[in-house]
Amino acid sequence: MRLFAALACVVLSGCQALQPNIPDETVDTGTLSDLLDASGGLDLPDPVGAYDPFSDPRFAIPRPAPVKPRRADNENPPEVEVEAPPAEPATVWSAIVQRYELGDLPADINVKREWRSAGRNPQLLEDFLNRGRLWIHFIATDIERRGLPGELALLPYVESGFKLTARSYRGAAGPWQLMPATATGLGLTRDRSCDERLDVIRSTDAALDYLETLAKRFDGDWLLAVAAYNSGPNRVARAIKSNRSKGLPTDFWSLKLPAETRKYIPRLLALAEIVKDPDAFGLTLPAVPTRTTFETIELERAVDLELLARWSGSSVDTIRLLNPCFRSYATPNREASVVVPLGTADRILAQLASTPADQLATVSDYRVKPGDTLSGIAVRFGTTVADLRNRNGLSSSRIRIGQRLVVGAPAPSAVTDYVVASGDSLWSIARRFGTTVGELQAINNVGRVLRVGQALSLPVQR
């Protein structure tokens with residue numbers, strides 16, 4: 001329930017309650033397409049479309065007017081100094097810095113040693129930070145809402161390089177690099193249609209829940225909580241117990257932890273130092289929009305991404321980049337939250353309400369196997385070579401093993417039922433009903449062996 005409550009205020013436009021200190025600027029710092037292009041999260045062509053949420057004045061958040069002290073009409077103004085309110089942060093980055101709580105990097109740890117590009121080629125580090133432009137405002141806002149240390153907003157950079165589809169050799173995945181068991185325990189779904197560890201909104205909610213739990217376990221010591229996030233809470237607890245039994249300090253810097261974890265905390269603090277004082281490293285922090293550039297809709301069944309793209313005036317690539325957890329060209333065939341460009345949710349929902357259910361999911365994602373041909377795939381999925389080439393931007397009929405294709409799937413309303421009788425075969429049934437063996441196999445997902453009494457779906461005669 002926390003996720004949906006958060007989405008209602010954090011993700012949807014018009015909610016000011018969760019953005020008290022995240023700054024609002026009137027300068028256009030990038031369109032949604034610009035941000036997606038900079039994210040580097042998926043290996044896809046550059047998104048297309050002219051959607052620009054910042055050109056719409058409805059999405060500007062006005063600054064609150066200063067509050068003047070009240071006085072009676074017959075009183076003179078009091079001769080007292082009124083303390084000025086703290087200055088609002090100028091950017092999302094400065095808002096993150098204002099919430100720093102983890103402490104300074106020890107003097108013996110060199111920032112440029114932890115982030116070599118800070119000394120050799122600051123442009124590489126700028127490009128690196130640029131990957132989070134689309135999502136960092138959302139993450140920073142959620143962290144402020146929860147009252148957590150600002151440095152946590154930088155963890156996806158340390159964990160995954162802010163590559164949304166990153167996977168480690170140990171099985172961790174997503175921007176927060178959550179392990180399968182941890183993700184399941186935090187309520188994230190992992191199935192054939194979607195791995196929610198790659199969903200920025202869902203995984204951020206889960207990761208921050210987990211970090212809050214770890215902080216409580218280690219009595220509010222956030223360095224220990226972050227170390228436990230990396231190496232596991234039991235390992236950190238054992239290191240504390242060992243030091244305590246020897247009369248040694250139990251702070252992070254005194255514990256005997258895995259080498260990866262001993263490097264992990266300094267790397268986070270070094271990045272925090274760079275963000276705090278970029279001029280010292282010859283760095284210009286990427287401009288981050290201070291308005292939400294996306295919103296969510298709730299779906300109850302599968303819908304083609306192609307339809308969502310058309311109804312939102314964007315592209316399939318844009319929808320995929322906003323929803324990197326989807327494993328096919330359709331949304332999950334269950335209840336699911338889908339991220340769409342800001343200002344398009346109402347239009348999409350109106351189109352959904354007026355579209356027949358059997359027309360919502362007519363495409364799927366197919367990986368080319370040895371022996372496949374474009375014409376064979378067209379027969380299998382009841383479509384044409386021309387349609388496959390058009391959907392996939394192919395200039396010829398040549399395909400390669402492992403290539404992913406968007407393919408049309410037969411609509412459920414275009415079939416009738418037939419019960420297999422003794423002596424039937426796919427060939428005889430196909431001949432009898434004017435279809436092909438390949439089409440029967442594609443519709444029914446069967447091989448060549450049938451059993452008496454088996455129900456088959458057949459194409460409707462046109």
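Every read-out reported here was derived from the displayed coordinates using simple, explicitly stated rules and does not represent laboratory data. All of these numbers come straight from a predicted model, not from anything done at the bench. Every residue, glycine as well, gets a Cβ built from its backbone with ideal geometry; the counts of neighbours run over all protein chains shown.
In table form, for the structure just shown:
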{"read-out": "Where labels lie 7 Å past Cα in the beta-carbon direction, separation of residue 280 and residue 418 in nm", "value": "7.6"}
{"read-out": "Summed residue charge, Cβ within 13 Å of residue 171's Cβ, Lys/Arg positive, Asp/Glu negative", "value": "+3"}
{"read-out": "Under-5 Å amide H pairs with residue 458, H placed in peptide plane, nonlocal only", "value": "416, 417, 418"}
{"read-out": "Length-normalised contact order of the range 294-359 in % [C-alpha pairs under 8 Å, at least 6 apart]", "value": "47"}
{"read-out": "Amide proton proximity set for residue 295, modelled H, under 5 Å, gap of 5+", "value": "340, 342"}
{"read-out": "Additional length obtainable on full extension of the chain from residue 395 to residue 248, 0.36 nm per residue less Cα span", "value": "46.1 nm"}
{"read-out": "Per-residue Cβ neighbour rank within 10 angstrom, fewest leading, 254, 245", "value": "245, 254"}
{"read-out": "Residue order, fewest to most surrounding Cβ atoms within 10 angstrom, among 375, 314", "value": "375, 314"}
{"read-out": "Karplus (6.51, -1.76, 1.60) ³J(HN,Hα), θ = phi - 60°, over the range 289-306, in Hz, Gly and Pro reported as x", "value": "x, 9, 10, 5, 10, 8, 8, 10, 10, 9, 10, 10, 8, 5, 9, 4, 5, 4"}
{"read-out": "Radius 14 Å from Cβ of residue 306, net charge of other residues (Lys, Arg +1; Asp, Glu -1)", "value": "-1"}
{"read-out": "Linear extension gain, residue 355 paired with residue 165, 0.36 nm per residue minus alpha-carbon span", "value": "65.2 nm"}
{"read-out": "Segment residue 219-residue 427, length gained on full extension (0.36 nm per residue, minus Cα span)", "value": "67.8 nm"}
{"read-out": "30 Å Cα-Cα reach of residue 216 towards lysines, excluding residues that sit fewer than 8 places from it in its own chain", "value": "163, 241, 246, 256, 263, 276"}
{"read-out": "Estimated vicinal HN-Hα couplings, Hz - the range 92-101 in sequence order (Karplus 6.51, -1.76, 1.60; Gly, Pro = x)", "value": "4, 4, 5, 5, 5, 4, 4, 9, 4, 9"}
{"read-out": "Charge dipole (debye, nearest 20) of the range 294-359; +1 at Cβ of Lys and Arg, -1 at Cβ of Asp and Glu", "value": "140"}
